[in-house]
2 protein chains.
Amino acid sequence: MINNYSAEDKVLLAVDCIIFGFDKEDLKILLIKRDFEPEKGKWSLMGGFLQQQENLDEAASRILRTLTGINNVYMEQLHSYSKVDRDPAERTISVAYYALINIQDHNEELIEKYSAKWFSVAKAPDLIFDHNIMVRHAISRLRYKTSKEPIGFELLPPKFTMRQLQKLYEAILDEKLDKRNFINKINGMDILVKLKEKDMNSSRKGSFLHMFDEQKYNRKKADGFSFKL
Amino acid sequence: MINNYSAEDKVLLAVDCIIFGFDKEDLKILLIKRDFEPEKGKWSLMGGFLQQQENLDEAASRILRTLTGINNVYMEQLHSYSKVDRDPAERTISVAYYALINIQDHNEELIEKYSAKWFSVAKAPDLIFDHNIMVRHAISRLRYKTSKEPIGFELLPPKFTMRQLQKLYEAILDEKLDKRNFINKINGMDILVKLKEKDMNSSRKGSFLHMFDEQKYNRKKADGFSFKL
DNA sequence: ACAAAAGTGTTCCCGATACACCCATGT
DNA sequence: ACATGGGTGTATCGGGAACACTTTTGT
């Protein structure tokens, strides 16, 4: 016989997404106000259930797309949460994912449809179930990961200034960084291209825009280089 | 209504355990020879299904206990694997855990009952499903984690020599370490107690036994100290 | 006497950090 | 002219890596 597994122990498997964005100074997360039970009216992460024909990564992408309209987003599986009574309605295991998006890319209509809102991580409201814990874990993972892989760029527009990049890392790490040391480190890795173009919004002098050169990074990585911040 | 979740999307949730041990020179994993379908006769990780009244950590502990007879083992959740056809018999999502045990503690009868066997990680056979990938991930996580937290001791007997500890880290990292630098680093952290007792098995001269001082470590940690190797 | 593992400090180097002034521009 | 943020280089410090000889004891 092929199928000797018992059917009695099946469970509902949810996927919840911690969606990170970065806005000028603050690291933010996108939360929804639940218009359904349980916990209707409270803030929570965007989530959904795993479907039969998809894997977890696909479910996470689908859920993210539902709320933001964006495809091809950097996402990573975080952890699975399984406390027996974590969801009062029914036994549910949740696999948390975090996503990094360029905050300008979100879709206004969808945000409205789901009563979603961006919150600075420092000022986010209490969330339902164990979602607060998930967010804490996600921030901790984000700190680790952004210091070891060049994924911070996912949170910025394609063209960004050094200052924006520094502000981003300051927001993620929640500490001030030295301007010269930061730029020296970044330039030392030689994975950005400096454009002729300047961003004139932030100062009178203007500041040069840069782009992450993914090809160059991949070549260097294949050669033994590793990103380190 | 309380329950507005659909029942159609429930899935089987498995827990698979990568059980690490250390034996003189080698990092090992405990594998079982499946005496049930699918893939009967092939090697695999020890696993089981999540039950309704337990969370994932508890399921992992239960599964480990079933095979080894040991309780209170260091375990950590690794990752969830969800490829749609990963298990040919039925859609199953698996949450992998890794465990660190003192290899001397295992129970011979249980090992025999499950046709289990210890393999050096370097010489382990091919495993069913995606278990090879799980093992690779587990080793990678183990490397990271043992360099940041004093969990390597879980793989040793309570009393161990500096040389054993070094061999352990060499096996985990798969690289030779310098004897003096290693001992200097360990002693610099001041989290071991050196016993008067010597282990006379490894050499004519004998070498002093040490123990991990968990209280001391916890006090230092609360004071801002962090383990680093 | 010799073989086999244990034990023990110092030097050197590189990467991380600290730090201050001039520039360009809009008002 | 001045206010605002942009851009740049060097000196110091500390942790990590390299490195070799003596000790003990069973044979």
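Placing a label point 7 Å from Cα along the Cα-to-Cβ direction at B:Ser207 gives distances to the equivalent points in the other copies of 5.3 nm, listed shortest first.
Each peptide in B:198-209, A:195-206, B:117-128, A:55-66 was scored by the mean count of other Cβ atoms within 10 Å over its residues; highest first, the order is A:55-66, B:117-128, B:198-209, A:195-206.
Only helical runs count toward this figure. For chain B, summing -39,500 (n - 2.57) over DSSP H runs of n ≥ 4 and dividing by all residues gives -9000 deg cm²/dmol at 222 nm.
Interface of A with B. Using a 1.4 Å probe and counting protein heavy atoms only, the two chains hide about 3400 Å² of accessible surface, both sides summed. Cα convex hull, chain A: 160 Å³ per residue, rounded to a whole number. Both numbers refer to the Cα atoms of the protein assembly as shown; Rg and Dmax are 24.8, 78 Å. About its Cα centre, the dipole of region B:29-108 is roughly 200 debye, where the only charges are +1 on Lys and Arg Cβ and -1 on Asp and Glu Cβ. Sites listed here are chymotrypsin sites (Phe, Trp or Tyr not before Pro) in region B:12-66 whose DSSP assignment is loop and whose Cβ has at most 10 other Cβ atoms within 10 Å: B:Phe36. The modelled label-to-label distance for the pair B:Lys117/B:Arg62, using points 7 Å beyond Cα in the direction of Cβ, is 3.0 nm.
Label region B:12-148 by shape, choosing from rounded, prolate and oblate, from the square roots a ≥ b ≥ c of the eigenvalues of the Cα gyration tensor; if a/c is under 1.5 it is rounded, and otherwise prolate applies when a/b is larger than b/c, oblate when it is not. The shape class here is rounded. Counts of other chain beta carbons within 10 angstrom of each beta carbon in peptide B:9-17 average 6. The rotation axis taking chain B to chain A passes closest to this chain B residue's Cβ, listed with the gap in Å: B:Lys10, 2.
Carbon-plus-sulfur accessible fraction, region B:13-150 (probe radius 1.4 Å, protein heavy atoms only): 45%. Here the protein assembly as shown is assigned +1 on the Cβ of each Lys and Arg and -1 on the Cβ of each Asp and Glu. Its dipole about the Cα centre then comes out at about 2500 debye. Counts of other chain beta carbons within 10 angstrom of each beta carbon in peptide A:91-101 average 2. Taking Cβ atoms as reference points and 14 Å as the exclusive limit, the residues near A:Ser147 contribute a net charge of +3, counting Lys and Arg as +1 and Asp and Glu as -1.
Set against the 2.2 N^0.38 Å expectation for a compact globular protein, region A:158-222 has a Cα radius of gyration ratio of 1.17.
Remark: label point of B:Arg219 defined 7 Å out from Cα along the Cα-Cβ vector; separations to the same position in other copies 5.6 nm, ascending. The residues of the protein assembly as shown have, on average, 52 Å² of accessible surface per residue, using a 1.4 Å probe with all protein chains present. The residue among A:Ala171, B:Ile103, A:Met75 whose Cα reaches farthest toward the positive pole of the charge dipole of the protein assembly as shown, with charges on the beta-carbon of Lys, Arg, Asp and Glu, is A:Ala171.
Label point of A:Asn71 (7 Å along Cα→beta-carbon): distances to the other copies' equivalent points are 5.4 nm, sorted ascending. Charged side chains reduced to their Cβ positions (Lys and Arg at +1, Asp and Glu at -1) give chain A a dipole of some 1300 debye around its Cα centre. Charge tally around B:Phe225: other residues with Cβ under 14 Å, Lys/Arg +1 each, Asp/Glu -1 each, net +2.
Using the Cβ-Cβ distance between B:Asn187 and A:Gln53 with R0 set to 51 Å, the FRET efficiency from 1/(1 + (r/R0)^6) comes to roughly 0.35.
The values are calculated or read from the model by the stated rules, or taken from the named source; none is laboratory data. Owing to the predicted nature of the structure, the values given are computational and were not obtained by experimental measurement. Positions of Cβ are generated from backbone atoms using ideal geometry, with glycine treated the same way; all protein chains shown enter the neighbour counts. With ligands, DNA and RNA removed, areas are computed over all heavy atoms of the protein, side chains included. Shrake-Rupley method; radii C 1.70, N 1.55, O 1.52, S 1.80 Å.
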